[in-house]
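Below: one structure, written as structure tokens.
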2 protein chains.
Amino acid sequence: MPKVKTSKEEVLKKVIPILRSRGVQNSSMSELSKACGIQKSHFYYYFSNKEDLIREVLATVHSYFNYNLFKIIESNALSLNEKVLKMKLLLDKLFRASDGGCIMANTALETIHLDPTYKKEIQSFFKDFILGLQQLLEVHHSTEKALLLAEQMVQDIEGGILLTQIYDDPKYINNAMKRTETAILNL
Amino acid sequence: MPKVKTSKEEVLKKVIPILRSRGVQNSSMSELSKACGIQKSHFYYYFSNKEDLIREVLATVHSYFNYNLFKIIESNALSLNEKVLKMKLLLDKLFRASDGGCIMANTALETIHLDPTYKKEIQSFFKDFILGLQQLLEVHHSTEKALLLAEQMVQDIEGGILLTQIYDDPKYINNAMKRTETAILNL
DNA sequence: GTCTATAGATCGATAGAC
DNA sequence: GTCTATCGATCTATAGAC
């Protein structure tokens with residue numbers, strides 16, 4: 001067998017969509033390494049164990065999310081309308097139900113009661129998600145009202161992702177996004 | 001060893017809280033049978049395999065939920081206020097975040113992308129959940145508006161359960177319940 | 001209680017870049 | 001040659017199942 005050249009970044013990129021749609025517990029190290037076209041042992045060269053892999057996956061997703069979300073929100077060149085549109089595109093990319101929904105929510109429900117290993121990262125992710133929405137809502141609402149609305153929107157969106165997955169029907173997440181848009185633009 | 005007399009109902013009752021909080025994938029047949037104080041082989045006498053067990057668990061939860069929810073909703077003796085109060089108590093019992101949240105949502109996210117085995121039951125559960133809320137909302141809203149609100153409330157509640165579990169803070173589910181109450185009573 | 005499959009994990013060997 | 005990224009093989013524990 002010829003050796004295959006890879007990198008940790010490449011491996012993470014290939015592995016994230018699988019973990020998102022199959023879930024953490026249902027993805028074995030063998031399966032993941034096979035999907036990357038490398039030996040399992042090589043996987044352990046990159047990640048000392050499965051927990052370590054998942055931790056890196058969640059951190060990668062979180063930092064990608066943060067970078068893009070706050071780039072939009074803090075832009076001076078975009079109108080509020082444009083910010084909302086771009087945010088919707090970002091959320092669709094990260095949360096699309098047909099691709100497994102929100103890996104943070106999935107991992108939370110899969111692991112949080114057994115092992116709080118990933119709790120901090122997940123908490124931090126949702127803190128930023130809520131904060132981002134709050135900042136957009138503060139254009140038309142008071143700080144306190146904006147926070148409460150942001151929390152409600154995150155709940156609505158995550159619940160919408162759940163129902164959309166259960167029924168294979170995008171209307172639930174779409175309705176949640178519409179309500180979010182309405183609240184931000186104060187329509 | 002003395003023989004232990006059990007029944008399938010007893011086993012289900014003991015097993016449900018474990019599956020709810022640990023999740024389906026993280027609960028082994030050995031662990032579950034041990035928790036019931038019976039031999040693993042006896043478990044396979046009741047349930048032909050793990051899938052069969054989970055199916056019965058979900059059906060049991062669903063029928064318990066349905067029976068109690070619609071008993072409240074269709075009662076002639078209760079005021080709308082009382083119905084809302086009783087429904088909140090039922091939801092708290094079934095969905096309490098400290099006890100593992102909503103077993104239907106948990107199982108959905110754990111399994112739905114691998115294996116649609118439990119999909120029908122979960123779909124049917126949420127259909128009834130939405131329908132129940134819709135009937136309460138129809139007192140003060142049109143049929144279509146009531147359906148849309150009911151879907152929104154279910155999303156809000158399920159998202160609230162998620163955030164409450166992630167942050168160990170009941171405020172998210174409590175806020176969702178308050179919003180639901182407000183919408184039903186038309187305050 | 002036992003069987004079989006598969007999970008996570010580790011080890012020693014080596015191809016290939018320098 | 002050395003170094004290190006990669007491989008093949010294997011260990012141990014535990015899962016579901018009967």
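The values are calculated or read from the model by the stated rules, or taken from the named source; none is laboratory data. Keep in mind it's a predicted model, so treat the numbers as computed, not measured. Ideal geometry is used to build each Cβ from the backbone, glycine not excepted, and the neighbour counts take in all protein chains shown. To get the accessible areas, we keep the full protein, side chains included, count just its heavy atoms, and leave off ligands, DNA and RNA. Shrake-Rupley method; radii C 1.70, N 1.55, O 1.52, S 1.80 Å.
Just give me the residues in the range B:1-19 being open to solvent by less than 70 Å² (accessible area, probe 1.4 Å) and farther than 22 Å from B:G101 by Cα, in sequence order. Hits for the range B:1-19 are B:T6, B:S7, B:K8. Which ones in the range B:131-148 are more than 20 Å from A:G160 (Cβ to Cβ) and within 14 Å of chain A (Cβ to nearest Cβ)? None - no residue of the range B:131-148 is more than 20 Å from A:G160 (Cβ to Cβ) and within 14 Å of chain A (Cβ to nearest Cβ), so the list stays empty.
Taking only pairs six or more apart or across chains, which ones have beta-carbon atoms under 9 Å, a first residue in the range B:20-36 that is more than 10 Å from chain A (Cβ to nearest Cβ) and open to solvent by less than 30 Å² (accessible area, probe 1.4 Å), and a second residue that is near DNA strand D (Cβ under 10 Å from one of its atoms) and hydrophobic (A, V, I, L, M, F, W, C)? Pairs that qualify, where the first residue is more than 10 Å from chain A (Cβ to nearest Cβ) and open to solvent by less than 30 Å² (accessible area, probe 1.4 Å) and the partner is near DNA strand D (Cβ under 10 Å from one of its atoms) and hydrophobic (A, V, I, L, M, F, W, C), are B:M29/B:F43; B:M29/B:F47; B:M29/B:L53; B:L32/B:F43; B:L32/B:L53; B:S33/B:F43; B:C36/B:F43. Inside the range A:14-45, residues that are more than 12 Å from DNA strand D (Cβ to nearest atom) and part of a helix (DSSP H, G or I) make up a count of 12. From the list B:E181, B:E158, B:E110, B:E151, the lone residue that is touching a residue at least 12 places away in the same chain (Cβ under 8 Å), facing chain A (nearest Cβ under 10 Å), among the charged types (D, E, K, R) and over 27 Å from A:P17 (Cα atoms) is B:E151.
Checking each residue in the range A:81-91 for being open to solvent by 20 Å² or more (accessible area, probe 1.4 Å), touching a residue at least 12 places away in the same chain (Cβ under 8 Å) and either facing chain B (nearest Cβ under 10 Å) or within 16 Å of A:N68 (Cα to Cα) (or both) picks out A:K83, A:K86, A:K88. If we scan the range A:44-60, do we find a residue that is away from DNA strand C (no atom under 13 Å from the Cβ), loosely packed, with under 14 Cβ neighbours inside 10 Å and over 30 Å from A:I166 (Cα atoms)? So far as the range A:44-60 goes, no, none of its residues is away from DNA strand C (no atom under 13 Å from the Cβ), loosely packed, with under 14 Cβ neighbours inside 10 Å and over 30 Å from A:I166 (Cα atoms).
Looking across A:F70, A:F95, A:F65, one residue alone is more than 14 Å from the chain's Cα centre (by Cα), away from DNA strand D (no atom under 16 Å from the Cβ), among the aromatic types (F, W, Y) and on the phi < 0 side of the Ramachandran plot. It is A:F70. In this structure, B:S48 qualifies as free of Cβ contacts under 8 Å to residues at least 24 places away in the same chain, out of contact with any helix residue (DSSP H, G or I) (no Cβ under 8 Å at 6 or more places or on another chain) and not in a helix (DSSP H, G or I).
The set of residues from the range A:114-141 being within 14 Å of A:N66 (Cβ to Cβ) and touching a residue at least 24 places away in the same chain (Cβ under 8 Å) comprises A:E121, A:I122, A:S124, A:F125, A:F126, A:D128, A:F129, A:I130, A:G132, A:L133, A:Q135.
Is the range B:91-110 home to any residue that is within 16 Å of DNA strand C (Cβ to nearest atom) and either in a helix (DSSP H, G or I) or at pLDDT 95 or above (or both)? Scanning the range B:91-110, I find at least one residue that is within 16 Å of DNA strand C (Cβ to nearest atom) and either in a helix (DSSP H, G or I) or at pLDDT 95 or above (or both), so the answer is yes.
Only residues that are hydrophobic (A, V, I, L, M, F, W, C) and either within 8 Å of DNA strand C (Cβ to nearest atom) or farther than 15 Å from A:I54 by Cβ (or both): list them for the range A:16-41, please.
Result: A:M29, A:L32, A:A35, A:C36, A:I38.
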